[in-house]
1. Which of the residues that make up region B:176-192 are surrounded by fewer than 22 Cβ atoms within 10 Å (Cβ to Cβ), closer than 16 Å to B:Val144 by Cβ and either in contact with a Pro (Cβ under 9 Å, 6 or more places away or on another chain) or not β-branched (Val, Ile, Thr) (or both)?
2. Tell me, please, whether a residue that is closer than 24 Å to B:Trp15 by Cβ, touching a Gly at 6+ places or on another chain (Cβ under 9 Å) and hydrophobic (A, V, I, L, M, F, W, C) can be found in region B:214-230.
3. Take the conditions buried (at least 21 other Cβ atoms within 10 Å of the Cβ), of a type in the set (A, V, I, L, M) and under 21 Å from A:Glu302 (Cα atoms) and apply them to A:Ile72. Does it pass?
4. Would you check which residues across region B:185-242 are of a type in the set (Ser, Thr, Tyr) and in contact with a strand residue (DSSP E or B) (Cβ under 7 Å, 6 or more places away or on another chain) and list them?
5. Being in a helix (DSSP H, G or I) and more than 10 Å from chain A (Cβ to nearest Cβ) is the filter here; which residues of region B:70-85 pass it?
6. Give me the residue from region A:10-52 that is touching an Asp or Glu at 6+ places or on another chain (Cβ under 8 Å) and of a type in the set (Lys, Arg) and, out of that set, nearest to A:Glu182 (Cα to Cα).
7. Answer yes or no: is there a residue in region B:35-50 that is more than 15 Å from B:Pro116 (Cα to Cα), within 14 Å of chain A (Cβ to nearest Cβ) and touching a residue at least 12 places away in the same chain (Cβ under 8 Å).
8. Could you check B:Ala9 against (1) modelled with pLDDT of 95 or more; (2) surrounded by fewer than 21 Cβ atoms within 10 Å (Cβ to Cβ) and say which number it fails?
Amino acid sequence: MATATAPASKDQSQAELHRRMLRQMLLIRRFEEKAAEAYALGKIGGFCHLYIGQEAVAVGSLNALRDDDYVICSYREHGQALVRGIPATAVMAELFGKATGCSRGKGGSMHLFDAGKRFMGGHGIVGGHIPLAAGLGFAIKYRDGDQLCLCYFGEAAVNIGAFHEALNMASVWKLPVIFCCENNRYGMGTAFERVAAVTDVVEHACSYDLAAELVNGMDALAVYEATTRAVDRARKGGHPTLLEVRTYRFMGHSMSDPLHGVYRTKEEVEEQRQRDPITQMAHKLIGDGVLDQAGVDALDAEVRAEVEAAVQFADQSPDPEPGALLTDVLAE
Amino acid sequence: MAEITYLEAIRQGLWEEMERDERVFILGEDVGAYGGAFKVTDGFLKRFGESRVIDTPISEAAIVGAAAGAAHMGLRPVAEMQFIDFISCAYDMLTNYVATARYRAGLATPIVVRGPCGGFVRGGPFHSQNPEAAFFHTPGLKIVAPATARDAKGLIKAAIRDDDPVLYLEHKWLYRRIKESLPEGEEILTPIGRARVAREGRDLSIVTYGAMVWKSLEAAEQLDKDGVSVEVLDLRTLLPLDDAAIVATVKKTNKLLIVHEDTRTGGLAGEIAARINEQAFEWLDGPIMRVTAHDVPLPYAPTLEDFVLPQTEDVVKAARWLAAY
């Protein structure tokens, strides 16, 4: 905002934003740790992709959005769902396959959804949802709205045709879409450089005349600032942006995959853990005098309680009714 | 009453829905400035403008994907596949994203994907296909295939108003071949999910759709001269099938011949036969027969295409055999 703000209150709102971001990152971390536990106990089935290590991306970018903007994700979307405001209870219940889940137990980990939060879904096929983001942006423009759509996908998604079709379309039609590539370096167990001719994803923006920025995905504030610039471009005339956010996942691709050993070394994972985005954010807040260690610990205790409550809620929630099996295939 | 073609009927239906509802828009390759490869959307750009008649890149996945995204936001997109064969490029969008959105997310996707299907025009293997079987087993989709000008208009209008995704298969051989007088000023809406008795008969039922309705009617006319009375049921909607109408005609004539232009293996005829086995087996006085295309890609050469696709004489032959059974 360009309005004159007293330095003290500006600092205060900055501090509040940073504190909120740290809390959200902690919430994702603790949520995912509990999800891993529940998976090991057999309470979560199927495929479950954790966001541990990548928290700064969802938190940094989503804080740059308004509540009436739209978000669409790939299958590693627990973090985005939580930051967007879907209650941890509803997300955990969805992982548990319960009727109280945000997709009523019909979606699961990869298909979280809440239209009320303008969270237009996680999607379980790599890159296929990117054209839908163009459609969301198209509808905004069709109605002369000033909202935008933020679309997340991994670096491996840039090898699918839908990515290229959608970027071209968004650029030709000047759609208010931000394409946020979370480059965590591995498509499941395959290093990106082994399967991509161009390994700087951001270079793909040239082909489609998009604005582009390469961002340090371990720094939530860097992500926040880059996304804020992309948001400005989208709102002022709908110029789409491709963000390449370099991040790293500390866990395996999904709960059924090894952490390291096959496609990456233990040493590499350990080295990346030294760049933990949450530790970095906590250090910053302590350095800025926004929080002391006790304050950080208090936030952590708060989110741990929230996650514990979510697990209890999910545990105690009912399974979907058998009748739900046949509903919502078609409108009638 | 002016006589209009099947193509003009589609055009009128689209036009009326665009006039009626601002949420309706058209997107596809060459649909705007060029007016559509077959001129279905000729004049639309001038009337409705660039914001509602949108020329797209040749990107079928993104055309259907973007249409789906816009539909999730409450718009009513009509996406054209320049030839319906190209819908295979959007198979992921339709079967994974569009068809499941309501089930997994409670999200409506009221899109229409329309395009010219079918052979008899020497289009060769990539411009003559009938893709219904590829989508027929996907819960969450609807498929319609009009045979008449009235239904071409009535079904495109109904499809646009439907809250579910609808594949609208328009047969390019019928575009300018079929003409019909449609009353002006009457709103024509063909209910989705309802078949139509195209010809009443007593001795044998032909269940069919699309261009094969006309081949079947010609066959029925010939058989009538031999004293065989054939009933022809035009399905109009392929998904969901109108089981009640199919069972009713079988109970009436006790003999069933299924005719479709699509290839044989895995075609709709197999499913219809299975349903009759389940629902009306006791009523049958003969084996369920089918006339379909041969199980080969559609060849270009006229002699070959004519051999591969079902012709009136093929229907006559099968019907005569079944009637005598």
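The values are calculated or read from the model by the stated rules, or taken from the named source; none is laboratory data. Here the structure is a predicted model, which means the values were calculated and not measured. Because the Cβ atoms are built from the backbone with ideal geometry, glycine has one as well, and the counts that use them run over all protein chains shown.
1. Scanning region B:176-192 gives B:Leu189, B:Pro191, B:Ile192.
2. Step one: of region B:214-230, the residues closer than 24 Å to B:Trp15 by Cβ are none.
No: region B:214-230 contains no residue that is closer than 24 Å to B:Trp15 by Cβ, touching a Gly at 6+ places or on another chain (Cβ under 9 Å) and hydrophobic (A, V, I, L, M, F, W, C).
3. Numbers: buried (at least 21 other Cβ atoms within 10 Å of the Cβ): yes; of a type in the set (A, V, I, L, M): yes; under 21 Å from A:Glu302 (Cα atoms): no.
In short, no.
4. As a first pass, look at region B:185-242 and keep what is of a type in the set (Ser, Thr, Tyr): B:190, B:205, B:208-209, B:216, B:229, B:237.
B:Ser205, B:Thr208, B:Tyr209, B:Ser216, B:Thr237 - these are the residues of region B:185-242 that are of a type in the set (Ser, Thr, Tyr) and in contact with a strand residue (DSSP E or B) (Cβ under 7 Å, 6 or more places away or on another chain).
5. Our first condition is that a residue be in a helix (DSSP H, G or I); within region B:70-85, this holds for B:70-72, B:84-85.
Answer for region B:70-85, where residues must be in a helix (DSSP H, G or I) and more than 10 Å from chain A (Cβ to nearest Cβ): B:Ile84, B:Asp85.
6. A:Arg29
7. Taking region B:35-50 as the starting set, the residues that turn out to be more than 15 Å from B:Pro116 (Cα to Cα) are B:42-50.
Next, from what is left, pick out any that are within 14 Å of chain A (Cβ to nearest Cβ): B:48-50.
Narrowing further to those that are touching a residue at least 12 places away in the same chain (Cβ under 8 Å): B:48, B:50.
Yes, some residue in region B:35-50 is more than 15 Å from B:Pro116 (Cα to Cα), within 14 Å of chain A (Cβ to nearest Cβ) and touching a residue at least 12 places away in the same chain (Cβ under 8 Å).
8. With respect to (1) modelled with pLDDT of 95 or more; (2) surrounded by fewer than 21 Cβ atoms within 10 Å (Cβ to Cβ), B:Ala9 is out only on (2).
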